[in-house]
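Undergrad: Let me begin by handing over the structure; questions about it come next.
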Amino acid sequence: MKTSITSYRTLIVTFAEPIRTLDEMFDNSERWGVSSLKEWIDSYESTRFTQTDDRIAVITSEYNMNHVLKWLESNTPIACAVSVDPQE
């Protein structure tokens, strides 16, 4: 039996503003195609956004984390981002 191991990267992000405030950037859902930051992040293939606090989210991704992090850094106020490498 063939088995495969998938390594997901995990990013714990603390935003400088509440996530509900960041969701306001998606008020024009026709432009974005989504209505929240969670929906935007989840639209990346194999990527999931889980809010754990009003300013904290855990993001997991199989292979899109570099793109997600670059987009977050360019478009949202991040107070802290900690990457958890599954290889460690």
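Undergrad: Considering (1) under 16 Å from Ser61 (Cα atoms); (2) modelled with pLDDT of 95 or more; (3) charged (D, E, K, R), say which one Arg9 fails and leave the rest.
TA: (2)
Undergrad: Got a sec? Which of Glu30, Glu62 is more than 17 Å from Thr76 (Cα to Cα) and without any contact (Cβ under 8 Å) to a residue 24 or more places away in the chain?
TA: Exactly one residue qualifies, and that residue is Glu30.
Undergrad: Scan segment 22-57 residue by residue and report those that are loosely packed, with under 15 Cβ neighbours inside 10 Å and among the β-branched types (Val, Ile, Thr).
TA: Within segment 22-57, Thr50, Thr52 qualify.
Undergrad: Sticking with this structure for a sec: Restricting to segment 39-49, count the residues that are touching a helix residue (DSSP H, G or I) at 6+ places or on another chain (Cβ under 8 Å) and either assigned to a strand (DSSP E or B) or not hydrophobic (A, V, I, L, M, F, W, C) (or both).
TA: 5
Undergrad: Mind listing whichever residues of segment 56-88 are assigned to a loop (DSSP other than H, G, I, E, B) and modelled with pLDDT of 95 or more?
TA: Scanning segment 56-88 gives Thr76, Pro77.
Undergrad: Looking at the structure I just gave you, is Leu69 farther than 14 Å from Thr10 by Cα, in contact (Cβ under 8 Å) with a residue 24 or more places away in the chain and surrounded by 15 or more Cβ atoms within 10 Å (Cβ to Cβ)?
TA: When the stated conditions are applied, Leu69 does not pass them.
The values are calculated or read from the model by the stated rules, or taken from the named source; none is laboratory data. All of these numbers come straight from a predicted model, not from anything done at the bench. Heads up, the Cβs are rebuilt from the backbone with ideal geometry, glycines too, and the neighbour counts pull from every protein chain shown.
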